[in-house]
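What follows is one structure encoded as structure tokens, with my remarks underneath.
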Amino acid sequence: MKGRKGTSGSQGKGKNGFTLIELMVVIALVGILALTAVPLYRTWLQRAYGSEASLMMKKLMDGQILYYLENNEFFPKVGQSLLIPAEGTPTPPTAIQDIKDALKIGIPQGHRLDYNIYTYVDPDDPHKPLCMIIISASFPLFKDGHKQLIGKLNWEGKTYIFTGG
């Protein structure tokens, strides 16, 4: 294999380094890879948050069922709600610890998901409580573009989970 000719005209010595064109090609390739990686990263992030929301919904629903079996009521009491925003102070401020104590579930903080749990009376039967859990984000959690995962639980233990927003 022949070496490249140096600029001084000497034979047998190869050039050290890269040409400007070689560097530009490498930079262009890195740029193309970066442009294709950003949408893939967003998709991966969406799937991760959607999976976290689904998992937390399952845990919260199971916790509510167990709580109801032990106490004959949902948590929190009828007419009350708990809000745990992704950023900011929960309402009430003790909401995270209250959920941990009552449902034996830790709510992750700083994960960009809002949690809203409330209990209300069934409009068809005022003696029967219903529990609603809404996990939401400011961005789509699922492929269909929905930003909320909504779970409804009745006093018989029937669960309904659907997306919205």
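No value in this document is a laboratory result; all are computed from the given coordinates. This one's a predicted model, so the numbers in the text were calculated from it and none came from an experiment. Cβ placement follows ideal geometry from the backbone for every residue including glycine, while neighbour counts extend to all protein chains displayed.
Pull out the extension gain between residue 18 and residue 144, defined as 0.36 nm times the separation in residues minus the alpha carbon to alpha carbon distance; nm, one decimal.
Details: separation 126, 0.36 × 126 = 45.36 nm, distance 4.75 nm.
The span from residue 18 to residue 144 would gain 40.6 nm if fully extended.
For residue 125 and residue 156, calculate 0.36 nm times their separation in residues minus their Cα-Cα distance, and state this gained length in nm to one decimal. Write down the numbers at each step before the final one.
Numbers: separation 31, 0.36 × 31 = 11.16 nm, distance 1.26 nm.
Full-extension gain reported as 9.9 nm.
Counting only GluC sites (Glu not before Pro) that sit in a DSSP loop (anything but H, G, I, E, B) with at most 15 other Cβ atoms within 10 Å, what is the longest stretch of the chain containing none of them?
Values: sites that count: 73, 87, 156.
The answer is 1-72.
Spelling out what I want: for every residue of the stretch 22-28, take phi, set θ = phi - 60°, compute 6.51 cos²θ - 1.76 cosθ + 1.60 (Karplus), and round to whole Hz; glycine and proline get x.
4, 5, 5, 5, 4, 5, 5
Run down the aspartates and glutamates and flag those whose C-alpha is under 16 Å from the C-alpha of residue 147, throwing out any fewer than 8 positions away in its chain.
Once the sequence-local aspartates and glutamates are set aside, what remains near residue 147 is 52, 114.
Could you tell me which label, among (i) 113; (ii) 123; (iii) 186, carries the value of volume of the Cα convex hull per residue in Å³ calculated for this structure?
(iii)
Please work out the C-alpha center-to-center distance from the stretch 49-115 to the stretch 117-165 and express it in whole Å.
Measuring centre to centre over Cα atoms gives 12 Å.
7 Å from Cα along Cα→Cβ at both residue 89 and residue 47: what's the point-to-point distance in nm?
4.0
Can you give the extra length, in nm with one decimal, that the chain gains between residue 72 and residue 111 once fully stretched, where that is 0.36 nm per residue apart less the Cα-Cα distance? Write down the numbers at each step before the final one.
Details: separation 39, 0.36 × 39 = 14.04 nm, distance 3.19 nm.
Taking residue 72 through residue 111 to full extension adds about 10.9 nm, to one decimal.
In whole Hz, with x marking every Gly and Pro, tabulate ³J(HN,Hα) for the stretch 57-68 from phi via Karplus 6.51 cos²θ - 1.76 cosθ + 1.60, θ = phi - 60°.
4, 4, 4, 5, 5, 4, x, 5, 4, 4, 4, 5
Under 13 Å from the Cα of residue 77, which aspartates and glutamates turn up, not counting those fewer than eight places away in the same chain?
Excluding near neighbours in sequence, the set is 98.
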